[in-house]
Amino acid sequence: MTIQKDPLVIAGRAYQSRLLVGTGKYKDFAETRAAVDAAGAEIITVALRRVNLGQDKDAPNLLDVLPPDRFTILPNTAGCYTAEDAVRTCRLARELGDWKLVKLEVIGDPQTLYPDMRQTYEAAKILIAEGFEVMVYSVDDPVACKTFAEMGCVAVMPLAAPIGSGLGIRNPYNLRIILEQATVPILVDAGVGTASDVAVAMELGCDGVLLNTAIAAAKDPLLMAEAMRLGVDAGRKAFLAGRMPRKLYASASSPVDGTFFE
Amino acid sequence: MQIQVNGAAREVPEQITVLALLAELGWADRRVAVERNGEIVPRSTHAQAVIEAGDRLEIIQAVGGG
C-alpha cells in the first residue's frame, strides 16, 4: 500500500493530504499561501467575520490568495459560544461560498477554549438536519466522539490539547479507544506543537491532523509547514507498516551463530 | 432612516435595497454574505430586498482562522 493510493475520504470526497491547516495568525496573505503550499494541504479552514467598512476595497481578500476552486475551504465557527451563533455562522458560510462542509466548534470557556459539548451537540443536530456536512471539534472522550459519529457528523476531531497550546498528544489512550470505535474519519484538531506530535497522532491511526498555530507561530513557519507535512507522512506510513511489538529485553540484530571468536 | 450595519448605526435613504447599500459601501460584487435581523439575505435577492428602519445588517467575509 502506498500513500498515493491511501486517500483521506471525507463526505465522499478523496484527498491526498491528511494535513489540514488553518489560515490564522500569519503575518500576511503571502505567508499564509506559502505555508499552505509547504504543508501540501488541500483542506484549509477559514473564519467568518464582519467586513471592515473602512478598509481599502481593493485590498486582496483571503479567497483571492487561496482560491476555492483550488482548495477545499472549511469554514469554522470559531468564536461561537452558543449553538445558535454556530448555526448562524454556518448558514452565512453556505451563503458566502456555497460551502456545506463546515468545522463546528462551540467554545465553552475562553481560557481553555474547551468545547461546550451541550451546545456542540445541539448545533450538530440542527446543522445535519439542514444538510451541512459537519466536521466537529470535540473533547477526547470516546462516548462523545461515538455520539457525534452516530448523529451523522462526517468527521470527528478530538483535541490533543487546548487550542494553540502546543502541548502535544496528552491522552493517546483515549485516542486509541476513539479510533477503535471509529465509524467516520477521526482527525486530531488542536494542541499539537511540532512534527513529532503529528507523527504520534498518525502512528496511533488518526486519519488526519488539523493544525494552525504550530505552523504560524514557529520561528520559520514555512519550514515548519514542510516538517508537519513530512511528520504526517511519516506517521501514516509507520501506522500502515505496523510497528514492532515493544519488548522488555534486548534482541540482537546481528546473527548469534557463526561468530569466529570463542 | 437609521439602520445598523455591522454593529454601527448608519443613516440610509428610505426604500434602499441590500444591493444598493452594498454598492454605497463599496462591497457589491465582492465575496460577502449578508444577514438581516439574523436571517440570511440570499445573493439572488439583494436587488429586491428592501431595507426597513431599524434593520440590523451583517456583512460578512472569510478571514484567516484555524
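The values are calculated or read from the model by the stated rules, or taken from the named source; none is laboratory data. Bear in mind the structure is a predicted one, so any value in this text is a computation, not a measurement. We place every Cβ from the backbone using ideal geometry, glycine too, and count neighbours over all the protein chains shown. Side chains are part of the model used for accessible areas, which takes the heavy atoms of the whole protein and leaves out ligands, DNA and RNA. Shrake-Rupley method; radii C 1.70, N 1.55, O 1.52, S 1.80 Å.
Rounded to the nearest Å, what's the spacing between the alpha carbon centres of segment A:214-244 and segment A:79-151? Just the number, please. Taking the Cα centre of each part, segment A:214-244 and segment A:79-151 sit 27 Å apart.
Label positions at A:A250 and A:V143, each projected 7 Å from the Cα along the C-beta direction, are separated by 4.8 nm. Farthest towards the positive end of the charge dipole of the protein assembly as shown, among the residues B:A53, B:G64, A:M117, is the Cα of A:M117, using unit charges on the Cβ of Lys, Arg, Asp and Glu. Taking only alpha carbon atoms, segment A:152-223 gives an Rg to Rh ratio of 0.98, where Rh is the Kirkwood radius. Other protein chain C-beta atoms within 10 Å of residue C-beta, averaged over A:84-95: 3. Please build a GNM for chain A, connecting alpha carbons under 10 Å apart, and tell me which residue among A:A195, A:A83, A:A241 fluctuates the most. Fluctuation is largest for A:A241. Expressed per residue, the C-alpha convex hull volume of segment A:93-168 stands at 96 Å³. In segment A:40-107 the Cα-Cα distances spread across 5 Å bins starting at 0 as 3, 16, 25, 22, 18, 12, 3 percent of all pairs.
Each 10 Å bin from zero holds the following percent of Cα-Cα pairs in segment A:103-234: 14, 44, 33, 9, 0.
Could you work out, for segment A:144-189, what percent of all Cα-Cα pairs fall into each 5 Å distance bin, beginning at 0 Å and stopping at the bin that holds the largest distance? The calculated distribution, bin by bin, is 5, 24, 32, 20, 14, 5, 0.
As a calculated quantity, the FRET efficiency between A:K100 and A:A34 at R0 = 35 Å, using C-beta atoms, amounts to about 0.75.
Highest GNM mean-square fluctuation among A:A190, A:A93, A:A252, for chain A modelled with Cα contacts below 10 Å: A:A252.
In this assembly, the B-A interface accounts for approximately 2600 Å² of buried accessible surface in total, computed with a 1.4 Å probe and without ligands, DNA or RNA. Working from the Cα coordinates of segment A:28-69, the gyration tensor eigenvalues give, after taking √(5λ), semi-axes of 22, 11, 9 Å in decreasing order. Remark: mean inter-chain Cβ contacts per residue of B:39-45 equal 2, using a 10 Å Cβ-Cβ cutoff to other protein chain atoms. Largest mean-square fluctuation among A:L230, A:L159, A:L20, in a Gaussian network model of chain A whose springs join Cα atoms under 10 Å apart, belongs to A:L230.
Eigen-decomposition of the gyration tensor built on the alpha-carbon atoms of segment A:1-114 gives equivalent ellipsoid semi-axes of 24, 20, 14 angstrom, largest listed first. Its alpha carbons give the protein assembly as shown an Rg and a Dmax of 22.9, 104 Å. In the frame of its principal axes, chain B has Cα extents of 39, 23, 22 Å, reported largest first.
Straight-line reach from A:K25: which lysines fall under 23 Å, measuring Cα to Cα and dropping same-chain residues less than 8 apart? Partners within reach: A:K57, A:K103, A:K219.
Probing with 1.4 Å while keeping every protein chain in the model, the per residue accessible area of segment A:58-127 equals 45 Å². Helical content alone sets the calculated 222 nm signal of the protein assembly as shown at -9500 deg cm²/dmol, taking -39,500 (n - 2.57) per DSSP H segment of four or more residues and averaging over every residue.
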